[in-house]
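*Asks:* Structure below; questions to follow.
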Amino acid sequence: MTIAIREAQPDDASRLVELVELLTHKVDAAGVAHRLERLSAAGLSQLVAVEDGEVVGLCGLHRMTAIHRDCPVGRITILVVAESARGKGIGRALVDAAEIKLREAGCGLIEITSNDRLVEAHRFYREIGYEPTSKRFAKAL
């Protein structure tokens with residue numbers, strides 16, 4: 001098994017739709033490709049894990065400046081690994097790569113957003129050194 005972490009490309013969009021939908025988000029390939037291009041142009045490419053030529057994981061990244069923080073805050077906005085590829089260290093490899101990328105982008109803190117129902121994901125985040133710190137609220141506009 002060979003795992004490589006690389007920047008996501010618009011050509012990955014169809015496969016990324018399948019991964020994103022594992023978390024019950026509804027997206028389409030054209031929209032994903034467009035957002036990948038916009039994010040890359042803004043200076044923060046998204047990461048994918050590739051195993052034997054197939055994209056099997058996605059890690060979404062964001063960098064935010066907050067008035068109450070001395071350094072920008074990095075955020076992992078989505079982390080998903082194909083069900084058939086779980087338990088192989090791919091999630092950890094994606095987070096490691098994200099930490100490097102966000103540190104290089106000047107971030108002094110990394111947050112991970114995760115739906116309340118993803119209890120196993122929360123266990124994983126704790127195991128790799130992340131702590132719950134706050135509750136996030138959202139409202140559609």
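*Asks:* Are any residues in segment 1-26 touching a strand residue (DSSP E or B) at 6+ places or on another chain (Cβ under 9 Å), in a helix (DSSP H, G or I) and aliphatic (A, V, I, L, M), and if so, which ones?
*Replies:* Listed by number, the residues that qualify are Leu16, Leu19, Val20.
*Asks:* Report, by residue number, each residue of segment 81-101 that is closer than 19 Å to Pro132 by Cα and not small (Gly, Ala, Ser). Steps first, answer last, please.
*Replies:* Filtering segment 81-101 for residues closer than 19 Å to Pro132 by Cα gives 91-92, 95-96, 98-99.
Matches in segment 81-101: Arg92, Val95, Asp96, Glu99.
*Asks:* Counting just the residues of segment 89-141 that are part of a loop (DSSP other than H, G, I, E, B) and touching an Asp or Glu at 6+ places or on another chain (Cβ under 8 Å), which one comes out modelled with the lowest pLDDT? It would help to see each step written out before you state the result.
*Replies:* Narrowing segment 89-141 to residues part of a loop (DSSP other than H, G, I, E, B): 89, 105-108, 113-118, 128-141.
Applying the additional criterion that residues be touching an Asp or Glu at 6+ places or on another chain (Cβ under 8 Å) yields 108, 133.
Numbers: Gly108: 95, Thr133: 88.
So the residue we want is Thr133.
*Asks:* Could you tell me whether segment 48-56 includes any residue that is surrounded by fewer than 16 Cβ atoms within 10 Å (Cβ to Cβ), within 21 Å of Pro10 (Cβ to Cβ) and of a type outside the set (Val, Ile, Thr)?
*Replies:* First, the residues of segment 48-56 that are surrounded by fewer than 16 Cβ atoms within 10 Å (Cβ to Cβ): 52-54.
Okay, now just the ones that are also within 21 Å of Pro10 (Cβ to Cβ), so 53-54.
In the following step, the residues that additionally are of a type outside the set (Val, Ile, Thr) were identified as 53-54.
Within segment 48-56, one or more residues are surrounded by fewer than 16 Cβ atoms within 10 Å (Cβ to Cβ), within 21 Å of Pro10 (Cβ to Cβ) and of a type outside the set (Val, Ile, Thr).
*Asks:* Yes or no: Leu39 closer than 19 Å to Ser114 by Cβ and either in contact with a Leu (Cβ under 6 Å, 6 or more places away or on another chain) or not in a loop (DSSP other than H, G, I, E, B) (or both)?
*Replies:* On the way: closer than 19 Å to Ser114 by Cβ: no; either in contact with a Leu (Cβ under 6 Å, 6 or more places away or on another chain) or not in a loop (DSSP other than H, G, I, E, B) (or both): yes.
In short, no.
The values are calculated or read from the model by the stated rules, or taken from the named source; none is laboratory data. As the structure is a prediction and not an experimental result, all values here were calculated from the model. Don't worry about glycine lacking a Cβ; one is built from the backbone with ideal geometry, like all the others, and counts go over all protein chains shown.
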